[in-house]
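First up is the structure itself, then whatever we jot down about it.
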Amino acid sequence: MVGFSLVLVLAIFIFISIILMSSRFFYFTELKSMTQKITRLHGFDIEELDYSFEQIVYFVSLPSNLPAIKHAQLENIVIKRSFESLFFPRLLGIKIVIHTDTENLTLAYLPIKDFRLPALDQLLEQGKIDEVDYLKISTCKLIHSQTLKEISDEVYKQMQLGRNGK
């Protein structure tokens, strides 16, 4: 009986581990699939959607004299995804972190609900998409590697403005 209980506990542990490890993968796969379907239907490419950097919330005023920020390089900027849940993940936003050998400083945050795209705003207003589709497309745009690179570059540019006295 003890052997059966041990096997049952081990099986449950493996099952939960597999769900936790694969849930984000399936979440992102579903986002990409849904986004491709909607963008094909409306004739636009997600990579060409415009957005602004105005929605980024900075926790530290830039320019800053904090050593971690003042001496940081572009490669020190790390973007981390912030999720709502482990079992059924949903992206809440991205954290922009200055990562150095000595510290991690959360510099800014961009919540997904504030990441607006003008082309999607028009489709939403025309009733061609709903809020759920809007959120999925904007999430897919936000996690796109080119978007993340542009956000890193913009944050670094804001950090540089203080160094160069502009």
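Read the figures in this text as sums done on the coordinates, not as results from a lab. In this text, all values refer to a predicted model and were calculated from it rather than measured experimentally. With ideal geometry, Cβ positions are generated from the backbone for all residues, glycine too; neighbour counts draw on all protein chains shown.
For segment 41-109, which GluC sites (Glu not before Pro) are in a loop by DSSP, counting at most 12 other Cβ atoms within 10 Å?
For GluC sites (Glu not before Pro) across segment 41-109 that sit outside H, G, I, E and B with at most 12 neighbouring Cβ atoms in 10 Å, the list reads 54, 84, 103.
So, with +1 on the Cβ of K and R and -1 on the Cβ of D and E, and no other charges, what is the size of the charge dipole of segment 13-73 about its Cα centre, to the nearest 20 debye?
Charge dipole of segment 13-73: 280 debye, to the nearest 20.
Lys and Arg at +1, Asp and Glu at -1: add these up for the other residues within a Cβ distance under 15 Å of residue 40 and post the number.
Combined, the nearby Lys, Arg, Asp and Glu give 0.
Quick one: what are the phi-derived ³J(HN,Hα) couplings along segment 34-46, Karplus 6.51/-1.76/1.60 with θ = phi - 60°, whole Hz, x for glycine and proline?
5, 5, 4, 5, 5, 5, 5, 4, 9, x, 9, 10, 4
Which value, in debye to the nearest 20, gives the size of the charge dipole of the chain about its Cα centre, when Lys and Arg are +1 and Asp and Glu are -1 at the Cβ?
300
Using amide H atoms built 1.01 Å from N in the peptide plane, name the residues 5+ places from residue 92, or on other chains, whose amide H lies under 5 Å from its own.
It is 82, 83, 84, by chain and number.
Specify which labelled value, from [x] 41, 37, 30; [y] 56, 38, 28; [z] 73, 49, 20, agrees with Cα extents along the principal axes in Å derived from the coordinates of the model shown.
Derived directly from the coordinates: [z].
Choose one of 122, 72, 11: the residue whose Cα lies farthest towards the positive end of the charge dipole of the chain (beta-carbon charges +1 Lys, Arg; -1 Asp, Glu; about the Cα centre).
My answer, from the dipole projection, is 11.
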